[in-house]
Amino acid sequence: MTDSVAQGHAFALDYLRDRSERSVVPSSSAVADLDQLKGELPEQGRDPSEVLALLGGVGSPATMVTNGPRYFGFVTGGALPVAMGAGALASAWDQNAALPIMSPVASAIDTTTIKWMVELLGLAPTATGTFCGGASEANLISMISARDAVLARVGWDAPSQGLAGSPAITVITSVETHASMKKAISLAGLGRDRCVLVDSDAQGAMDAAAGLAAIAAASGPTIVALQAGNVNTGQSDPFEVLIPAAKKTGAWVHVDGAFGLWANAAPTRTQLVRGVDGADSWAVDAHKWLNVTYDSAVALCANGDDLARSMRADAAYLPSDSGERVPMNLGLQMSQKARAIEVWAVISTLGRDGIADLIERSCGLAKRFADRLAAGGAEVLHDVVLNQVLVSFGSNEMTDQVIEAVQAEGTCWAGGTTWPAHQLTARRAMRLSVSGWETTEGDIDASADAILLCWNAVRETTS
């Protein structure tokens, strides 16, 4: 067994040594070689060393170098070395973090790390949460908890009675709400097409006056779903205005803060999310800006009883309540990976100051990226306040061609988007997200130069 572990680690180390020098995009021949990993279900097993050699020799060259310094797509952070090291140890431990009795070490780390997360993010000191696979799951956990809480306030026990015949719930959210939020609303049985959609301002934040009007007009059980960090522009909704107004009406306020909530951990960015601590629940990723490996996120509630109401599971074979924190009673999963281990390792290594620097540095690099591209003639479509940059290269057709050229060229990788998607005047844009711990000014400059060269090449081809 140890031979296989050592061989896997050797291939991993080989991969990590040269990833920052590789093209971000795998070659066509490397992708073609993936046919060796396909085929019919094997009838007979193979030697583990052959299997690992196939993965290392064929799989590694065909990866997108998403954990390198020049991958700017999909708000993807690169894993810090200490996160990978802790993850390797956690894999060897193979702990089930469902119950304290199942793993004392997982329980101790989970309890401590949730407390640290609450403090880092500047949330209500009463808050607690649960580790889960991603912000999509964290949003779902939060929306189920919100649903059950607002129904409980009017005398309906949703966990016991279900939703059939329950009072209708109004969900207020922005036209700019993220796809994962819409999915969570749908999966929680609240109906995404029944949402009250509020217009956004020119930067992608919910319009404050329109949001206040929607909150005032709502009656009965209500959930207000806000956003920290628009996935296109990085802007956040006006929490300081909307959250107190919503709370006065008895509404539940949830904040999807997949990456944007980390602004509250950086001293010069906290004004972007001022008032966010007043919400009832929050969703935040660790595998984005905190740079741990996939997958890792946290769903947090200001009152842990609201999580437990919806998520608790009881059975005769399970231990009785000992007063300890029980992760399986706070989230969707019973058996679960000890995700807190990597997060604990990163927070222990960086500390509050190091995490603040990671956020601040990414934001500064994003502004540098925008300035370099603007100086080259591209149009930046919004105020760059966080780590997101939207750039147009003229017509929609030209912008899409530049994106395609950049993705093929390999110096860096960036995706495309339509902004603002809900308006008839929406434009195609290149979307750049600076989230990785390893990115330097040199990486930004090299990437900006490559993008501008691709733009020039496209113009020459189409002229």
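The values are calculated or read from the model by the stated rules, or taken from the named source; none is laboratory data. On a predicted model such as this, the values are computed, not experimentally measured, just so you know. Note that we place each Cβ from the backbone using ideal geometry, even for glycine, and neighbour counts take in every protein chain shown.
Quick notes on this one:
- Residue that is farthest from A429 (Cα to Cα), among those in the stretch 346-372 that are under 19 Å from the mean Cα position of the chain (by Cα) and of a type in the set (G, A, S): A356
- First in the stretch 404-419 and within 18 Å of G78 (Cα to Cα), second anywhere and charged (D, E, K, R) and not in a strand (DSSP E or B), Cβ under 9 Å, 6 or more apart: G410/R22; T411/R70; T411/D449; C412/R70; C412/D443; W413/R70
- Scan of the stretch 210-264 for residues that are under 15 Å from V198 (Cα atoms), of a type in the set (S, T, Y) and assigned to a loop (DSSP other than H, G, I, E, B), ordered by number: S236
- Taken over the stretch 61-96, the residue count meeting the criterion of being among the β-branched types (V, I, T) and assigned to a helix (DSSP H, G or I) is 1.
- The C-beta contact set for the stretch 300-312 (first residue assigned by TED's automatic domain parsing to the domain that holds G162, second residue of a type in the set (D, E, K, R), distance under 8 angstrom, 6+ apart or interchain) comprises C301/D280; A302/D280; N303/D280; D306/D148; D306/D280; R309/D148; S310/R147; S310/D148.
- In the stretch 283-311, residue surrounded by the fewest Cβ atoms within 10 Å (Cβ to Cβ) [restricted to those that are of a type in the set (D, E, K, R) and in contact with an Asp or Glu (Cβ under 8 Å, 6 or more places away or on another chain)]: R309
- Restricting the stretch 95-129 to residues that are surrounded by 19 or more Cβ atoms within 10 Å (Cβ to Cβ) and of a type in the set (V, I, T), the residue that is farthest from V346 (Cα to Cα): T128
- In the stretch 390-417, of all residues being assigned to a loop (DSSP other than H, G, I, E, B) and touching a strand residue (DSSP E or B) at 6+ places or on another chain (Cβ under 9 Å), the one that is nearest to A375 (Cα to Cα) corresponds to F393.
- Close pairs (7 angstrom Cβ cut-off, 6 or more residues apart or separate chains): farther than 21 Å from G234 by Cα in the stretch 341-363, among the hydrophobic types (A, V, I, L, M, F, W, C) and outside any helix (DSSP H, G or I) anywhere: E342/V292; V343/A286; V343/L290; V343/V292; V346/L80; V346/L290; V346/V292
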